[in-house]
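Quick notes on the structure that follows.
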Amino acid sequence: MQNSQLDGPGLDRTGLDGAGLDRTGAGAGIDHPMVARASELTKSYGSGPTSVRALDGVSLGLRRGEFTAIMGPSGSGKSTLMHIMAGLDTVTSGEVWLGDTNITALGDAELTLLRRRRVGFVFQSFNLVPTLDVRANILLAYELDGRRPTSEEQAWIDQLISTLGLGDRMKHRPHELSGGQQQRVAIARALGTRPDLVFADEPTGNLDSRTSREVLGLLSEASTRFGQSIAMVTHDPIAASYADRIVFLVDGRIVEDRAKSTPEEISSYMLGIERAR
């Protein structure tokens, strides 16, 4: 059953361009289904003849309650795009919005606060604090924010712990958990503050195939059951097949934006990209 408190607005694409970007006045208080969006992003490293353009005019909107996979060959700019949209890296030109907040020109302190309260992260390497037990890792964002969860927030965290099967692991430290259990803790931590958007960077890269399927199923359920917006960077066609939408980048540009696809369809498209390069 859908959790009504977490349901996002409908996914009406009226007023959006092909990349899902709101062209009707991004950030101007207009009611739209976007949880985050980027407009004409460019990112260059270095200068002169040795400079590298990682992103080249990328515009992308991430819809509320949708699971989006970002794919592309090595060096295509997918991780750079994620880092910029998450406020972890700066742009050379263009703008990035999280909800109605333009994060492009925010200072470090403001970005840190915004990420802590409105963005969740799930990394390939789990990034759990080794000296903290499972409960303390899950509650870390609240601890860093200098507060305890409200009763409503605690009820949500308890629901996550139950859904993720972590109830009997609360006193364990990361080294006492399997890789899949550690990633479940990372997912609980990422979802614990009910962030606007969760970024997942190759979240199954260090997991075996069975555990990978479990983790991907949990991310998919977080989107479909709880209305959570997720953007996942991956090179794995099987992982991408769990997403509602797949965005392909090549040489810093979006070349395809498609709906849910099978692993075979995704593999075929990726092979075509490699052959064309």
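Key figures for this structure:
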{"read-out": "Theoretical FRET efficiency, 1/(1+(r/R0)^6), r = Cβ-Cβ of His175 and Arg148, R0 22 Å, to 0.05", "value": "0.25"}
{"read-out": "Cα-projected label distance for Asn127 with Ser268, points at 7 Å along beta-carbon direction, nm", "value": "3.6"}
{"read-out": "Partners for Lys43 among lysines (Cα-Cα distance below 28 Å; same-chain residues under 8 apart left out)", "value": "Lys78"}
{"read-out": "For the range 47-142, alpha-carbon Rg and Dmax in angstrom", "value": "15.8, 50"}
{"read-out": "Inter-centroid distance (Cα atoms) of the range 96-161 relative to the range 166-207, Å", "value": "13"}
{"read-out": "Cα principal axis extents for the range 222-262, largest first, Å", "value": "34, 18, 16"}
{"read-out": "Whole-Å semi-axes of the range 76-207's equivalent ellipsoid (Cα gyration tensor)", "value": "27, 18, 12"}
{"read-out": "For the chain, with +1 on Lys and Arg beta carbons and -1 on Asp and Glu, the positive-most of Thr68, Ala54, Pro195 along the dipole", "value": "Pro195"}
{"read-out": "5 Å binning of all Cα-Cα separations within the range 191-277, expressed as whole percents from 0 upward", "value": "3, 13, 24, 24, 19, 11, 5, 1, 0"}
{"read-out": "Whole-Å semi-axes of the range 106-168's equivalent ellipsoid (Cα gyration tensor)", "value": "22, 16, 11"}
{"read-out": "Average projection area in nm² (convex hull over Cα atoms of the range 129-265, one quarter of hull surface)", "value": "9.4"}
{"read-out": "Potential lengthening between Asp89 and Ile238 on full extension [0.36 nm per residue; Cα-Cα distance subtracted]", "value": "50.8 nm"}
{"read-out": "Mean Cα-pair separation over length for the chain, i.e. relative contact order, pairs under 8 Å, 6 or more apart, %", "value": "26"}
{"read-out": "Pair-distance profile P(r), taking every C-alpha pair of the chain, with 5 angstrom steps and integer %", "value": "1, 6, 13, 17, 19, 17, 13, 9, 4, 1, 0, 0"}
{"read-out": "Separation in nanometres of the label points that stand 7 Å from Cα toward Cβ, at Thr101 and Ser209", "value": "4.2"}
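A short reminder: the numbers here are calculations on the coordinates, not readings from a lab. As the structure is a prediction and not an experimental result, all values here were calculated from the model. Virtual Cβ from ideal backbone geometry, glycine too; neighbours counted across all protein chains shown.
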